[in-house]
Amino acid sequence: MASIIEMILGKDIVLDQEAFQKASQDFEVLAQDLQKLHTDIEGMLDEISKGFDSPAGRKFIKSCKNHLLQPLDDQKIVMDHVSENLKMCKTEYQTVFDDYKQLNSEIKSLYS
């Protein structure tokens, strides 16, 4: 049976609350993975810097940190932001999900 939206508009609009939840969790995991990668790279650079104890070596290590670590930090900020927005969307749409389920159930009971 077609949904009420499909009957009225001729199109089916889908908001999947599980998809919001899964996407949010996936972005959280990616952000954690990025943080671990950042920590690993930072540790390696700290270890490497012991052999580069000179003005040029310190400049090289600083350049590596800026060009390797800063992009990871920036990407983590984006992933955290997307994850939080997806959580917020799921919460904001919860009443829509609940009302839609109830409306769809009532319509189905009318045509049963």
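The values are calculated or read from the model by the stated rules, or taken from the named source; none is laboratory data. All of these numbers come straight from a predicted model, not from anything done at the bench. Here Cβ is always computed from backbone atoms with ideal geometry, including for glycine, and neighbour counts include all displayed protein chains.
Observations on the model:
- Answer residue from the range 9-42, given it is closer than 30 Å to Asp98 by Cα, assigned to a helix (DSSP H, G or I) and of a type in the set (D, E, K, R) and is modelled with the lowest pLDDT among those: Glu18
- The set of residues in the range 73-90 being over 15 Å from Lys22 (Cβ atoms) and either among the hydrophobic types (A, V, I, L, M, F, W, C) or in contact with a Leu (Cβ under 8 Å, 6 or more places away or on another chain) (or both) consists of Gln75, Lys76, Ile77, Val78, Met88.
- Extreme residue, nearest to Leu45 (Cα to Cα), among residues of the range 78-112 that are of a type in the set (Val, Ile, Thr) and surrounded by 12 or more Cβ atoms within 10 Å (Cβ to Cβ): Val78
- In the set Ser105, Ser112, only one residue is within 30 Å of Asp16 (Cβ to Cβ) and not in a helix (DSSP H, G or I); that residue is Ser112.
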